[in-house]
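The block underneath contains the structure these notes are about, expressed in structure tokens.
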């Protein structure tokens with residue numbers, strides 16, 4: 001047996017000596033990637049847009065973009081504090097899932113238009129389900145803005161009875177997924193869905209866009 005294969009088998013058989021620490025590190029990586037990552041990317045994109053507006057003599061529009069940047073930075077600070085405290089996203093604590101999703105459609109953002117539709121009332125949702133749905137939506141919208149060359153992104157959230165929450169994020173971009181099914185944070189989104197007993201699927205049609213769908217059970221005992 002080749003040495004490299006032996007090493008792999010030995011590692012797999014032994015397992016991690018610190019599973020709790022590894023799980024916490026994985027959680028922190030996901031929170032940084034899904035929380036601060038999109039916010040800081042938005043700051044960079046908006047700063048570039050503000051610069052172009054200033055160069056074009058549109059000082060008022062540039063000022064509005066700077067206001068959005070200030071809001072983003074405040075959100076990043078809140079995200080960092082929440083991460084340090086081990087809390088879920090501050091916007092969920094303050095306003096709930098529906099309002100947090102509507103914030104993804106903030107006017108004036110560069111890139112595609114984002115439409116959010118929430119089939120209310122959602123009722124009381126488990127905090128873990130709210131967090132998973134919100135993080136998946138943020139990552140999917142972030143991917144569409146950066147990579148899809150889309151003009152429109154539709155975010156839809158509906159509650160199906162008492163057993164499932166369904167989130168879909170669909171764009172009208174080129175329909176290609178760089179890196180395949182493991183790219184664009186898809187592994188992280190899929191892991192978030194699976195951690196709460198749910199499932200995440202992706203449908204990419206060249207020339208017609210990408211649709212991400214997360215089926216999240218409201219109660220673990222009702223997972224099918």
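The values are calculated or read from the model by the stated rules, or taken from the named source; none is laboratory data. Owing to the predicted nature of the structure, the values given are computational and were not obtained by experimental measurement. Backbone-built Cβ (ideal geometry, glycine too); neighbour counts: all protein chains shown.
Observations on the structure shown:
- In the stretch 120-140, the condition of being assigned to a helix (DSSP H, G or I), touching a helix residue (DSSP H, G or I) at 6+ places or on another chain (Cβ under 6 Å) and modelled with pLDDT under 90 is met by no residue.
- When residue 150 is tested against the conditions (1) outside any loop (DSSP other than H, G, I, E, B); (2) over 16 Å from residue 129 (Cβ atoms); (3) at pLDDT 85 or above, the lone failure is (1).
- Of the residues making up the stretch 76-87, at least one is under 15 Å from the mean Cα position of the chain (by Cα), in a helix (DSSP H, G or I) and surrounded by 14 or more Cβ atoms within 10 Å (Cβ to Cβ).
- Residues in the stretch 156-169 that are assigned to a strand (DSSP E or B) and either under 18 Å from residue 37 (Cβ atoms) or more than 13 Å from the chain's Cα centre (by Cα) (or both): 156, 157, 158, 159, 160, 164, 165, 166, 169.
Let's see how each residue does on (1) farther than 24 Å from residue 211 by Cβ; (2) touching a residue at least 40 places away in the same chain (Cβ under 8 Å):
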residue	(1), (2)
71	yes, no
75	yes, no
95	yes, no
111	no, yes
130	no, yes
151	no, no
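- Residue within the stretch 17-27 that is in a loop (DSSP other than H, G, I, E, B) and either within 19 Å of the chain's Cα centre (by Cα) or at pLDDT below 90 (or both) present: yes
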